[in-house]
1. Search the stretch 187-201 for residues being in a loop (DSSP other than H, G, I, E, B) and within 11 Å of the ligand (Cβ to nearest atom), and hand back the single one that is nearest to P293 (Cα to Cα).
2. Among the residues of the stretch 140-162, how many are within 19 Å of the chain's Cα centre (by Cα) and either charged (D, E, K, R) or within 20 Å of Y85 (Cα to Cα) (or both)?
3. Can you name the number of the only condition in (1) among the polar types (S, T, N, Q); (2) surrounded by fewer than 22 Cβ atoms within 10 Å (Cβ to Cβ); (3) more than 16 Å from the ligand (Cβ to nearest atom); (4) closer than 23 Å to P126 by Cβ that T159 fails?
4. Out of all the residues in the stretch 202-241, which are within 12 Å of the ligand (Cβ to nearest atom), assigned to a strand (DSSP E or B) and either under 24 Å from Q155 (Cα atoms) or at pLDDT below 95 (or both)?
5. Considering only residues that are under 11 Å from A107 (Cα atoms) and charged (D, E, K, R), look in the stretch 58-85 and name the one that is farthest from the chain's Cα centre (by Cα).
6. Starting from the stretch 230-257, take each residue that is farther than 11 Å from S215 by Cβ and list its partners that are outside any helix (DSSP H, G or I) and away from the ligand (no atom under 12 Å from the Cβ), counting only C-beta distances under 6 angstrom and pairs at least six apart or across chains.
7. Check E133, E54, E150 and return the single one that is over 23 Å from A285 (Cβ atoms), outside any strand (DSSP E or B) and away from the ligand (no atom under 14 Å from the Cβ).
8. Is there a residue in the stretch 287-306 that is within 19 Å of A80 (Cα to Cα), among the β-branched types (V, I, T), out of contact with any strand residue (DSSP E or B) (no Cβ under 7 Å at 6 or more places or on another chain) and surrounded by fewer than 18 Cβ atoms within 10 Å (Cβ to Cβ)?
Amino acid sequence: MTKKKVLVTGAAGFLGSHLCDRFIAEGYHVVGMDNLITGRMENIEHLMPLPDFEFCHHDVSKFVHVPGDLDYILHFASPASPIDYLKIPIQTLKVGSLGVHNLLGLARAKNARILIASTSEVYGDPLVHPQKEDYWGNVNPIGPRGVYDEAKRFQEAITMAYHTYHKLETRIVRIFNTYGPRMRLNDGRVLPAFIGQALRGEDLTVFGDGSQTRSFCYVDDLIEGIYRLLHSDYSGPVNIGNPDEITISQFAEEIIELTGTDQKVVYKPLPVNDPMQRQPNIDKAKAVLDWEPAVSRSEGLKITYDYFRSLPDTELHRKEHNNFDAYIK
Ligand code: UDP
């Protein structure tokens with residue numbers, strides 16, 4: 001029997017690489033695509049020798065060609081941390097607009113089902129709490145986060161249009177803050193920032209007064225939710241995240257305890273339009289996918305800390321992303 005074939009865009013990134021692992025483990029043939037602006041070959045090095053894994057170095061904002069049949073497409077290419085999309089705002093907009101358009105076209109041509117990675121950022125700085133899928137959000141289109149938030153909102157709109165107009169099989173996952181091994185230590189997100197600071201013996205930088213909240217999901221739980229969503233028959237957006245909400249100050253304290261660092265917390269100004277609260281309502285995922293997170297924050301943080309600790313010292317002190325300068329135009 002021929003294997004089902006799946007295209008994963010953003011394959012060398014944090015989530016993309018975990019998705020590739022999962023589909024390989026499930027017996028699929030995986031084509032991993034990445035332009036390596038923020039992705040890292042280290043994340044998929046272990047897959048390169050496998051006959052069922054192919055890597056394609058390509059920017060999906062340009063026409064995407066994949067020879068032969070294709071059963072599924074998972075569009076996970078995009079910068080996803082505020083630091084990254086502030087550095088590369090145009091690419092962020094392009095991958096969420098031109099990129100998704102190319103992939104929807106590819107899905108049509110191949111008669112493939114496509115799942116796109118959306119985000120809790122479509123809710124912006126939410127006025128409804130926790131966030132349910134039927135909340136439309138509170139987004140500043142021209143603020144610093146607008147390039148990401150609006151690209152993702154457009155991405156949902158065009159995906160639904162292809163579903164309605166072309167009857168394409170589409171799935172939309174709204175991903176809430178997720179963490180785990182293969183995050184980049186220098187991507188600016190709060191968890192790698194705090195762990196990196198603890199490992200380097202620096203103070204932990206809490207932005208604002210630290211009363212803003214986030215809800216952190218361990219990567220394996222997220223991948224399970226996405227896998228189930230792809231194979232479900234539900235085409236509306238589905239929140240996947242862990243509802244266990246915590247303030248950023250409390251989170252800093254947890255990292256201090258986990259790492260045993262004797263550094264303290266220092267306060268820095270809150271970035272513009274930084275959402276004050278975020279927690280997924282996951283009733284839809286429970287009902288449609290029979291999914292809920294299984295890994296507690298303490299378990300997940302321990303695994304993630306062990307991963308960061310195992311990295312060579314050069315990683316700890318790296319300021320810029322390795323691939324970034326080489327590929328940025
Ligand atoms: N944050 C912080 N210190 C840092 C990095 C981030 O206090 O060194 C805060 C940030 O202002 C935000 C929260 O942590 O309120 C989560 O930030 P992150 O960039 O991880 O993701 P976001 O959910 O804001 O996209």
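The values are calculated or read from the model by the stated rules, or taken from the named source; none is laboratory data. What you are looking at is a predicted structure, and each value in this text was computed from that prediction instead of being measured. Heads up, the Cβs are rebuilt from the backbone with ideal geometry, glycines too, and the neighbour counts pull from every protein chain shown.
1. The initial filter retains those residues of the stretch 187-201 that are in a loop (DSSP other than H, G, I, E, B), namely 187-189, 201.
With within 11 Å of the ligand (Cβ to nearest atom) added as a condition, the list becomes 187-189.
Numbers: D187: 25, G188: 25, R189: 21 Å.
So, considering only residues that are in a loop (DSSP other than H, G, I, E, B) and within 11 Å of the ligand (Cβ to nearest atom), the one nearest to P293 (Cα to Cα) is R189.
2. 13
3. Against the list (1) among the polar types (S, T, N, Q); (2) surrounded by fewer than 22 Cβ atoms within 10 Å (Cβ to Cβ); (3) more than 16 Å from the ligand (Cβ to nearest atom); (4) closer than 23 Å to P126 by Cβ, T159 comes up short only on (2).
4. R214, S215, C217
5. Only one residue tops the list, namely D69.
6. From the stretch 230-257, the pairs are L230/L115; L230/R171; S235/T170; P237/E133; P237/I172; P237/R174; V238/V173; I240/V173.
7. Values: E133 fails: over 23 Å from A285 (Cβ atoms); E54 fails: outside any strand (DSSP E or B).
Only one candidate qualifies: E150.
8. Taking the stretch 287-306 as the starting set, the residues that turn out to be within 19 Å of A80 (Cα to Cα) are 304.
Now restrict to residues that are among the β-branched types (V, I, T): 304.
From what is left, the residues that are out of contact with any strand residue (DSSP E or B) (no Cβ under 7 Å at 6 or more places or on another chain) are none.
The answer is no; no qualifying residue exists.
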